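The values are calculated or read from the model by the stated rules, or taken from the named source; none is laboratory data. What you see is a predicted model; the values in this text were computed from it and never measured. So basically every Cβ, Gly included, is an ideal-geometry build from the backbone, and we count neighbours across all protein chains shown. Note: accessible area is taken over every heavy atom of the protein model, side chains too, but ligands, DNA and RNA are not part of it. Shrake-Rupley method; radii C 1.70, N 1.55, O 1.52, S 1.80 Å.
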Amino acid sequence: MASRFTRLTTAAPKLARGYAAAAQTKPPITLYGLDGRYATALFTAAARQNALDAVERDLTQLQNSISKDKAVQAFLENPTVTRQAKAEGINALLAKAGKVNPLTKNLFEVLNENSRLDQTAKVLSAYAELMSAHRNELPLIVTSAKELDKATLNKIADSLQKSKLSEGKKLLVSNKVKADILGGILVEIGDKSIDLTVSSKVAKLNKLVTDSV
């Protein structure tokens, strides 16, 4: 039987273990950086095996568990912990998540073998970004000084959905609260932004005053 292991890139030489047949599956967007390489290799493998959704469910559950547990985060990021100890910790983490897809298990094993478990959170986020693009979704982040109600967020989303800024994609709206913007909103849609914050207007006013002196 053919080996389940191959090499995809020099940056992540062992990530393609079990991913050889996935090379022909093109991801929806190009991601850069080490986390992008790992996430892309995983995406192509999952696409080839019709396991995109299954892997996404695994990673979402694991991401939620890791983000809520500072001890697990510290464990994954600690360079002094041996690979063997981390392998045991990973097995415990995956066992707690239930029956995970083999590709999910392979990802964590390869990250450990390559001493890249400190990149786990970034890799999981990158995979989520690939899946969102796969579903033709576009993130819409509305930052406000106070939490906005659902009706207001939907009104903003509906307005932008009809504009060219949506690029014909489905907008996924989320609200970030940042008190230091003072008021107004900051809209980020894809790689574009619209700054309607009070803090921005104050900064512009201060610049005008400074330049006039």
For Leu148, net neighbour charge (Lys/Arg +1, Asp/Glu -1) across residues whose Cβ lies under 15 Å away: +1
10 Å-binned pair-distance histogram of the chain (Cα, whole percent): 8, 27, 27, 21, 13, 4, 1, 0
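Below 12 angstrom from the Cβ of Asp35, what's the summed charge of the other residues (Lys, Arg +1; Asp, Glu -1)?
Residues near Asp35 contribute +1 overall.
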Ser65 - accessible surface, heavy atoms, 1.4 Å probe, Å² rounded to 10: 60 Å²
Pairs from Lys68/Lys176; Lys170/Lys192; Lys122/Lys176; Lys176/Lys207; Lys162/Lys192 whose Cα-Cα separation, in the structure shown, is over 21 Å: Lys176/Lys207
Inverse mean reciprocal Cα-Cα distance (Kirkwood Rh) of the range 105-213, Å: 16.6 Å
The range 93-140: equivalent-ellipsoid semi-axes (sqrt of 5 x gyration tensor eigenvalues, Cα, Å): 23, 14, 9
The range 32-95: equivalent-ellipsoid semi-axes (sqrt of 5 x gyration tensor eigenvalues, Cα, Å): 24, 15, 12
